[in-house]
Amino acid sequence: MMRFFLPFIGLILFFLEPVFGLLSPLQFGGEAYTIVPRFLLMYLIFVAIYYDRKHAMYYGLFFGLLYDVFFIDIIGLYSFLYPAIALVAGSVVRSIHKNLAVATGLALILTALFEFVLYQFFLLISLTSLPVDFFLVHRLMPTIIANSIFLIMLGWTFKLAINARLLERDRRLGTS
């Protein structure tokens, strides 16, 4: 039963993202700031770092396809980007230490990269016309700040859940 624990957490985060998305845009100082919750993406990065890059890519493909079907009209965008980000995260941590500060920093950097790639793609196909400076100030920075608060609150929980699954897997493989 523990084998479904990690995908179940991903499913919960998949359904929580649109709920938190309803809080956006925020009005501050007469300006509107858009916050995009990327909880699932950051969770996939943690799975790639602490559990297994291959599983994170499979989960990314599954949830990316779900995201494409339910939330946007372009099939393949998220189902390509989620596994790609998981691959990058899993590859980067092979050469550096896997502590929580590194995982959090890497998750935030990759989330910013993810947002910027999405922005560039939507700009390319003319789905958005935001200037890059407006995007950086009114969408990317608020998104990174909000997601960093989320990671500060739940990053440790992600790591503990993934480590519990690793211990269960190792215990199961050791008794087989």
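Below are the figures for this structure:
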{"item": "Index of the failed condition, Ile74 passing every other in (1) part of a helix (DSSP H, G or I); (2) under 19 Å from Leu41 (Cα atoms)", "result": "(1)"}
{"item": "Which numbered condition Ser91 misses (of (1) assigned to a helix (DSSP H, G or I); (2) in contact with a Phe, Trp or Tyr (Cβ under 7 Å, 6 or more places away or on another chain); (3) of a type in the set (S, T, N, Q))", "result": "(2)"}
{"item": "Test: residue in the stretch 156-166 that is of a type in the set (Ser, Thr, Tyr) and at pLDDT below 90", "result": "yes"}
{"item": "Number of the condition not met by Lys98 [criteria: (1) closer than 20 Å to Leu118 by Cα; (2) part of a loop (DSSP other than H, G, I, E, B)]", "result": "(1)"}
{"item": "Selected residue [farther than 30 Å from Ile75 by Cα, aliphatic (A, V, I, L, M) and assigned to a helix (DSSP H, G or I)] from Leu123, Leu167", "result": "Leu167"}
{"item": "Where a residue in the stretch 104-124 is under 17 Å from Leu44 (Cα atoms) and its partner, wherever it lies, is basic (Lys, Arg) and not in a helix (DSSP H, G or I), with Cβ under 8 Å and at least six apart", "result": "Thr111/Arg38; Phe114/Arg38; Glu115/Arg38"}
{"item": "Selection from the stretch 21-52 of residues that are surrounded by 15 or more Cβ atoms within 10 Å (Cβ to Cβ), over 14 Å from the mean Cα position of the chain (by Cα) and not β-branched (Val, Ile, Thr)", "result": "Ser24, Tyr33, Tyr50, Tyr51, Asp52"}
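The values are calculated or read from the model by the stated rules, or taken from the named source; none is laboratory data. Remember, predicted model here, so these are calculated numbers, not experimental data. Using ideal geometry, Cβ is built from the backbone for each residue, glycine included, and neighbour counts are taken over all protein chains shown.
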